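The values are calculated or read from the model by the stated rules, or taken from the named source; none is laboratory data. These figures come from a predicted structure and were not determined experimentally. Note that each Cβ is placed from the backbone with ideal geometry, even for glycine, and that neighbours are counted across all protein chains shown. When the accessible area is computed, the model is the full protein with side chains, heavy atoms only, and any ligands, DNA or RNA have been set aside. Shrake-Rupley method; radii C 1.70, N 1.55, O 1.52, S 1.80 Å.
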Amino acid sequence: MEKLRPSFLEVSIATLNFLANIGIVLPYVLILFKYQQTHSVNYLVAIIVFYVARAASIFSTKRLNLKSSTYLLMCLWLGVIGSVIYSVTSNLGWLIAGVLCLGYTSANIWPYFLTIKLHLTTNTDFKLKRLYWVIFAALALLFVADFKFDLQYRLAFVILAILFLITIPAGRLLNQFSLAFYDRQAPTKRAPLKLWRIGLFVILFGAMGLLTLLRKASLSIALPYVLAVVVLAIVILNIELAADWRAMPANKLRIVNRGFLVSLVLLYNSFFAYFILGKNGMYLAFAMYLLGFEAGRPLFKLIGHQVDAHAQRDARLALIGGHLLILTTIPVLYLIGLLLIALYVGYENPAINTSVYTDKANDPDLAIINKYRFSTYGGLLCQLCFFGLLVATSAINQLKLMAFFNPNSPALKLTYLHTLTWPLVSLSLLMSIMTIYGQRFFKRQSHAA
């Protein structure tokens, strides 16, 4: 029995690492598959609520004066509850309750897990074993079995609930391990909630919910009204960004730009890729992002001969080159452009995590959450700019909004290239250049001080 206990804890920690890494997309993918299978309005509503809840949760978390380890346990229990609901019922009320649980968990499980992991790795000899990735592969096969034998995805949600249950002991163990860190760390005074921010928060994510619905279903709403919603959401988003600007003294431009780049590749180009690459375009765009995200840092470190300044220079050149290449209509160059941008994101991400966590001006228990909050600002800004351009394009060319999201012909390639891709990529390139020179300016200022 004593031998079994350490082995089970290893499996529990491995499962937690697995869910922390894929938790942001797995519940969404399962609900999306369920909707595609049933075409039920209930699951369509669930997808929209999940999308909005996931985006909103990163802004609403950390409002209580709790430790990150406690929030991590909350994420795990909410994951259990949400998964169980989706495995036993299709009632709309229960589905909304379940998706609120899964949306919060998807948004926050990785930031809180990474926060605790950084607490432990900087203060102890805590490390993840390579065996964990073998366990991840074995667990993933269980989900494949559900898809292969067409078990209505209920088994997948049962398995997901079991996986979340398995992680509870790991969450408790990490909570105990982190007590020494919290004993040494003085708690940060939380800013009081302001009613005007709550009101803007509700309006913003109500608008995001409507815009998400328009991507999923054909609604007869006049395009000028949709454009007004987009403009209102952009104004509110910038007010929220300004209100949170002091939450992190440095790195804000880098993080907002990161979020914008991720949405540019994963959201916009996952759809636009159809017009360049055909029906497999979305999968190829995803593949370029995953490859670049994983390979970015080791590749640029290798090219730069392990010299940080050289690696950073090469990554920035790749970023600028990637923007220019995706403006072409040549499939190979377009794919290389997506890959170069993803490689830059992959290079920057670990550096940003280390920078925000080790910055003495940041509360280490809030640093990663604030990082993802600013990254979400950038992602939402990209989505709103894209949707605003799409509304204008659809109105001018008398096209349906759904023609972009559900394309059936590449004939509109040049229309979308000129009216969507060129403006959006130009804005992204401008933000990236401003970020690069902004970093240089702040570095000179800090050295001068």
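Is it the case, given these coordinates, that Ile96 is assigned to a helix (DSSP H, G or I) and more than 28 Å from Ala367 (Cα to Cα)? Against the criterion (assigned to a helix (DSSP H, G or I) and more than 28 Å from Ala367 (Cα to Cα)), Ile96 qualifies. The residues in the range 400-418 that are surrounded by 16 or more Cβ atoms within 10 Å (Cβ to Cβ) and under 15 Å from Pro224 (Cα atoms) can be counted, and the count is 1.
Scanning the range 255-289 for residues being aromatic (Phe, Trp, Tyr) and free of Cβ contacts under 8 Å to residues at least 40 places away in the same chain gives a total of 2.
Here Leu44 fulfils each of the conditions (1) open to solvent by less than 50 Å² (accessible area, probe 1.4 Å); (2) under 20 Å from the mean Cα position of the chain (by Cα) apart from (2).
If you go through the range 301-345 and keep only what is open to solvent by 10 Å² or more (accessible area, probe 1.4 Å), touching a residue at least 60 places away in the same chain (Cβ under 8 Å) and not in a helix (DSSP H, G or I), you end up with Leu327, Thr329.
Of the set (1) under 22 Å from Asn362 (Cα atoms); (2) among the small types (Gly, Ala, Ser); (3) surrounded by fewer than 20 Cβ atoms within 10 Å (Cβ to Cβ), all apply to Gly259 but (3).
Open to solvent by 30 Å² or more (accessible area, probe 1.4 Å) and touching a residue at least 60 places away in the same chain (Cβ under 8 Å): is that true of Ile239 in this structure?
In short, no.
Output yes when any residue across the range 68-85 is open to solvent by less than 50 Å² (accessible area, probe 1.4 Å), among the small types (Gly, Ala, Ser), over 30 Å from Asp183 (Cα atoms) and not in a helix (DSSP H, G or I), and no when none is. No, the range 68-85 contains no residue that is open to solvent by less than 50 Å² (accessible area, probe 1.4 Å), among the small types (Gly, Ala, Ser), over 30 Å from Asp183 (Cα atoms) and not in a helix (DSSP H, G or I). Residues that are more than 20 Å from Leu325 (Cα to Cα) and either open to solvent by 60 Å² or more (accessible area, probe 1.4 Å) or outside any helix (DSSP H, G or I) (or both) within the range 419-439 comprise just one, Tyr437. If the condition is being of a type in the set (Lys, Arg), modelled with pLDDT under 75 and open to solvent by less than 70 Å² (accessible area, probe 1.4 Å), then the range 182-220 contributes Arg190, Arg215, Lys216.
Using the structure shown, decide if Leu179 is open to solvent by less than 70 Å² (accessible area, probe 1.4 Å) and at pLDDT 75 or above. No, not satisfied.
Restricting attention to the range 47-62, the residues that are open to solvent by 30 Å² or more (accessible area, probe 1.4 Å) and more than 13 Å from the chain's Cα centre (by Cα) add up to 2. Can we say Leu163 is closer than 19 Å to Cys101 by Cβ and either at pLDDT 80 or above or buried (at least 17 other Cβ atoms within 10 Å of the Cβ) (or both)? For Leu163, the condition - closer than 19 Å to Cys101 by Cβ and either at pLDDT 80 or above or buried (at least 17 other Cβ atoms within 10 Å of the Cβ) (or both) - is met. When the range 346-365 is filtered for residues that are open to solvent by less than 40 Å² (accessible area, probe 1.4 Å), among the hydrophobic types (A, V, I, L, M, F, W, C) and farther than 18 Å from Thr121 by Cβ, nothing remains.
Out of curiosity, is Val29 open to solvent by 30 Å² or more (accessible area, probe 1.4 Å), hydrophobic (A, V, I, L, M, F, W, C), free of Cβ contacts under 8 Å to residues at least 12 places away in the same chain and within 24 Å of Met208 (Cα to Cα)?
yes
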